[in-house]
Amino acid sequence: MKIFQPNWVHHDEKSIFSIDIHPSGERFATGGQGCDSGRVVIWNMAPVLSEQAEANKSVPRVLCQMDNHLACVNCVRWSGNGLMLASGGDDKLVMIWKKTLSGSGGGIGAFGGGGGKSVEHWRCISTLRGHAGDVLDLAWSPQDRWIASCSVDNTIIVWDAQQFPKIVHVLKGHTGLVKGVTWDPVGKFVASQSDDRSLKVWKTTDWSCFKTITEPFEECGGTTHILRLSWSPDGQYLVSAHAMNGGGPTAQIIERDGWKCDKDFVGHRKAVTCVRFHNSILKRSAPKTNKLQQYCCLAVGARDRSLSIWLTALQRPLVVIHDLFQDSILDLSWSCDGYTLLTCSGDGHIACLQFTAQELGTPLSEEDKNILYQRMYGKNANIDLTAQAEKEMIQQQPQLGGMRQDGADKVVQPASQPAAAIKSSSSLAAPTPILKQIETKTADGKRRITPMFIPLNDDNGPALHATNNIMPSSIEFGSKSSETSTKAEPMTVPTDPQQQQQQQLSAPSSTIQPAANQKLMDRTRQPATYPTGKATVIQGHSFKAFGEVRVQIQNNTVKTSYGTLSRVVGVVVTAQRVERKLWETVVGSPIVCFAVGAKYAIVCSQDHTIRMVDIKTGTPVFPVLSLTSPAVLSAFSSNSQLAGVVTESGILRIWSVPEKAVLLSTSCAEIMSGSFVTILHVSDKGMPFIVLSNGSSYSYCRKLDSWMLINSSDPVIRHGLIGNKTNAPVRNIKTYPLSTIQSYGSFSGPKTNSFAELHSAAWQTSAAIAFIENQIKICEMIASPAELKYWYSMLGFQLALNGSEEKIRQVLDDLLGASHNSL
């Protein structure tokens, strides 16, 4: 372990109250006191980590400084995709910052800046007003859908990150200053801690208070400036800031299962001010047994100026550092690679701790994390496919905890400490609507008009590099949104009547059994026989739901003299969470995949057969159909009128269920090239979208009788997807099908050339215009009006910067139509 304290990171000897590392790991932000104002500074990470970079005068240290807050900044937080930075301060405001090309932002050299020259330019794109007191803490929700802020006005405000400055809800219930807020990684809860000696857990479905915990905090006093709590990446444990046990300060561990409070982290001499979980599960071999251990890591900071690092595989802290600063530790932040920890203090200094893989272990792969996440909650860690679904169906089965202990992916945890799992963010690429100008009034009564330009990726600048897109192993869906399918093993789920059914969940998910887990891990390896992947029999019991109706699959459960039968059961979950059986049928061959829509369910068997049944009665809609090979993926359109399947041999079929007619019959074999289909989506108009295991994605055009290329390793497409990435925080496949499917490609996320190289290349303008024009043609073919409007705006902006007059006239003539050209 190495400890650095770069003395050049400071706020002119003023306090630093918050610190946060960018998801890319290339920069970090600090917030605190400035000269007669609040200050936000974005720093270069390279000089902190590298002695050579620190000594090199050509390497900038300060990237941008923003002094726009009227009072001290208490918290800074990067969005999960790295495109936005939020800051909250004593001026009762939350400011949302975004990177721009020009110097028209709020950084140094611009109005409200400090007078120097910025390396980067950051603009305040929205100012959130709603609190009546100091804003003390901020937290972005999973997938950056919302952002929560807490204040000394005893409230938490949840803001809509897609429609700033819209307020989603104001959470009221605390009777004291609210000093910390954090999101459940699953997205079901948000937690807050207050000076009223309580910690509250709020439901995101209706924003009601789900649980109030007071016992560990009854002896606490309001002696800390902040109370930054943290949720474990697997969502199973919530660790609070300042708590008391036997008269001594602790960090309280609260278990999700039953909200028990019988464990804590002890050892600090004064109140705990902040805790921060590592972003990933870590693994390594146990020293004595050489058995693989999985565990999580937590950093704890306190008013005693000490910092402790805990591993849940150890009974004692990994390391304790005393007198690290001259004042209280106020914030902590882990880097995405997991080996760097930054912390700041009220004395105006920061410290950097660097660990090695031998000390902390190695993070689990995205594949392993997704398997664990699916096993616990029935969903993928980094997928939020629809913006329409207001509620999530989360599988919270206490029984799974006992079952997991027998699996190969067992999480090793001591008797007094929790285990942790996963947290991931994704880089997204979906266009946002064009906003009108915003008119606000300042404190002195003056009008401030903020014109809002088309959000063309920060004035058409390159988006910040966010975490890489990982090809998902499953997809989840809302009850009002279109269903997309991915190839994965089904999940064994006990049919508990208390299971919450708030939304359709139609993603195949991983089985609990170790052997099946290995099959899921191997699914990205190229099959030896089939170019499209093999259909795999669903192990154990599995179900999918739409609204209050769920369809359960139980393979090989009925033994007869004629052979083994599999059961398909339809049940309805009442308001009292009681299951009532609607219908039951049997199938003579094991089921390999199935999908559920609003009216129908499609069941695909290993013997190449397909059955379409009514979801409420179980009555067959079609006769039993047979294809040339078993289906590996199945999906319904959002209106449930269309159903599609992809088979092992690459055959794609889409049927209109009410008309009992085939809408499309084609083959994917011509575009496979040794890969296989991992995602299938069917639009309401019958347009199929597929993503291959090699990252390429396609859509089929019946007019052209050909597959349209949507994403691939083509340099023009890669440059276009990265250079034109926008700030939309949620994938919305119904409104933005093109950008959503493109965001799943493995080529859209990786880092490319440097900022300077990208914008000095002679080919950039031609490549950008070629990419945008192709996007426009795809939007026309797939009938996506919102995206068509967006990409025409992008084309206009590109031509305004770099286009010729002849080209601009040509585009305008095309838009005005033939009647204009004939004049």
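A compact table of results
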| quantity | calculated |
| --- | --- |
| In nm, spacing of pseudo-spin labels at V119 and V716 (7 Å Cα→C-beta vector) | 3.5 nm |
| Unsatisfied cross-links (Cα-Cα over 23 Å) in the set K544/K703; K534/K734; K99/K166; K172/K211 | K544/K703; K534/K734 |
| Two-site FRET efficiency, T617 against T574, from Cβ-Cβ distance with R₀ of 22 Å, rounded to 0.05 | 0.80 |
| Net charge over other residues, Cβ less than 11 angstrom from the Cβ of I254 (K, R count +1; D, E count -1) | -1 |
| Extension gain from Q163 to A357, taking 0.36 nm per residue of separation minus the Cα-Cα distance | 65.8 nm |
| Contour minus Cα-Cα distance for L70 and Q5 (0.36 nm per residue) | 20.6 nm |
| Nitroxide proxy distance, nm - points 7 Å out along Cα→Cβ at T564 and E659 | 4.1 nm |
| Protection proxy ranking of 633-645, 266-278, 615-627 - average other beta-carbon atoms within 10 Å, highest first | 633-645, 266-278, 615-627 |
| S626 paired with Q326, simple spin-label distance in nm, labels 7 Å along Cα-to-beta-carbon | 8.5 nm |
| Sorted by Cβ density within 10 Å, fewest first, the residues T356, T362, T155 | T356, T362, T155 |
| Protection proxy ranking of 69-78, 560-569, 165-174 - average other beta-carbon atoms within 10 Å, highest first | 69-78, 165-174, 560-569 |
| Extended-chain gain in nm, criterion 0.36 nm per residue less alpha-carbon gap, D257 and D813 | 193.8 nm |
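Values in this text are rule-based calculations from the coordinates and carry no lab data. Just so it is clear, the structure is predicted and the values come from calculations on it, not from any experiment. Positions of Cβ are generated from backbone atoms using ideal geometry, with glycine treated the same way; all protein chains shown enter the neighbour counts.
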